[in-house]
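This report refers to the structure that appears directly beneath it.
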């Protein structure tokens with residue numbers, strides 16, 4: 001028999017009847033003949049940034065020039081920079097209160113943003129997920145933290161995170177993306193050590209009930225490019241418990257990365273939007289683009305530079321110089337050297 005032609009009728013679309021035709025070069029059994037065609041690969045793109053703060057000098061700049069001023073250089077260099085992602089995320093450094101009001105207690109570094117400003121971030125730049133586990137989400141007290149969660153919910157912006165060192169239900173969220181489920185976790189350990197035992201249990205629960213687990217964590221020593229042993233030990237514990245990637249922030253500078261058991265750990269992405277204009281290091285930043293498929297993830301490292309809170313992409317010379325430094329801050333096998341300094345890393349997913 002030279003071959004068989006068979007037709008698959010698709011009745012799932014109520015408005016149209018579609019057909020697909022295959023030619024079988026060999027005899028096929030009835031079981032094979034009547035089976036569904038193979039499903040297409042799961043694929044999704046995510047974009048992660050570091051610390052996002054829209055108060056103080058940044059707030060004054062926005063008030064004078066508009067929010068678009070902050071991102072205008074990126075948009076002019078790459079028109080669709082924020083588009084085409086299922087998730088665009090950053091660490092939101094402050095509370096989202098009514099009209100951006102500041103409440104007691106008064107603290108030295110005291111950040112609050114209006115819901116209208118966050119809404120514009122969502123509408124104009126597609127930010128649809130924030131980690132709020134950090135040392136500034138309680139700048140406006142318990143009331144400010146509760147308002148932050150309510151206001152983000154009202155804006156239909158997903159979020160995760162509890163106040164510093166806490167491990168509660170607010171640390172975790174499952175995102176149902178149709179073809180896959182994503183387990184999101186957010187922790188902060190700035191003023192106190194995290195309850196790592198219960199945090200690890202949350203990671204294990206997420207790993208057993210979702211397709212992919214991302215841990216966002218606020219940690220490390222400010223202005224230090226080198227991550228420390230406390231960070232590393234906890235990161236390894238999270239991955240041993242089932243985390244697939246770790247996104248860190250808080251030091252206000254970029255820290256190195258590590259690939260542990262084929263899982264990437266970004267110890268700090270540095271600032272994204274902030275008003276720490278006193279050094280070049282606090283104005284060199286890193287974004288990470290993640291392409292997720294069923295059996296692998298591809299990472300693209302996107303170095304950024306800011307001046308007076310206005311962000312731009314690094315040019316090729318700046319980018320290469322930055323990635324060379326980034327590799328020196330990192331701990332990775334020599335096998336990954338070329339990938340890291342090229343800014344493109346491909347890793348297998350073993351599940």
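Every number here is computed from the coordinates shown, using simple stated rules; none is lab data. Worth saying up front: this structure is predicted, and the values here are computed from it rather than measured. So basically every Cβ, Gly included, is an ideal-geometry build from the backbone, and we count neighbours across all protein chains shown.
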inquiry  = Quick check: pseudo-label points 7 Å beyond the Cα along Cα→Cβ at residue 349 and residue 228, how many nm apart are they?
reply    = 3.4 nm
note = In whole angstrom, the spacing between the Cα centers of the stretch 72-90 and the stretch 255-272 equals 21 Å
On Cα atoms only, tilt of 56-65 relative to the major axis of the chain in degrees = 70 degrees
key: Computed over the stretch 44-348: relative contact order in percent, which uses C-alpha pairs under 8 Å that are six or more apart   = 17 percent
task = Hey, for a label at residue 168 modelled as a point 7 Å past Cα toward Cβ, could you say which residues of the stretch 114-153 have their backbone N under 11 Å away?
result = 142-143, 145-146
remark   = Among beta bridges assigned by DSSP with both residues in the chain, the antiparallel ones amount in percent, to the nearest 5, to 60 percent
request  = Sum -39500 (n - 2.57) across every DSSP H segment of at least 4 residues in the chain, then divide by the residue count to get the 222 nm mean residue ellipticity, nearest 500.
outcome  = -8000 deg cm²/dmol
task = Mind pulling the angle between the C-alpha long axis of helix 115-125 and the longest principal axis of the chain? Nearest 10 degrees, somewhere in 0 to 90.
result = 40 degrees
task = Could I have the simple spin-label model distance between residue 106 and residue 204, label points 7 Å from Cα toward Cβ, reported in nm to one decimal?
result = 4.8 nm
Simple spin-label estimate for residue 99 and residue 337 in nanometres, 7 Å along Cα-Cβ = 6.0 nm
key: Principal axes of the chain: Cα extent on each, largest first, Å   = 82, 49, 46
key: the stretch 92-147 and the stretch 156-224: distance between their alpha carbon centers, rounded to Å   = 19 Å
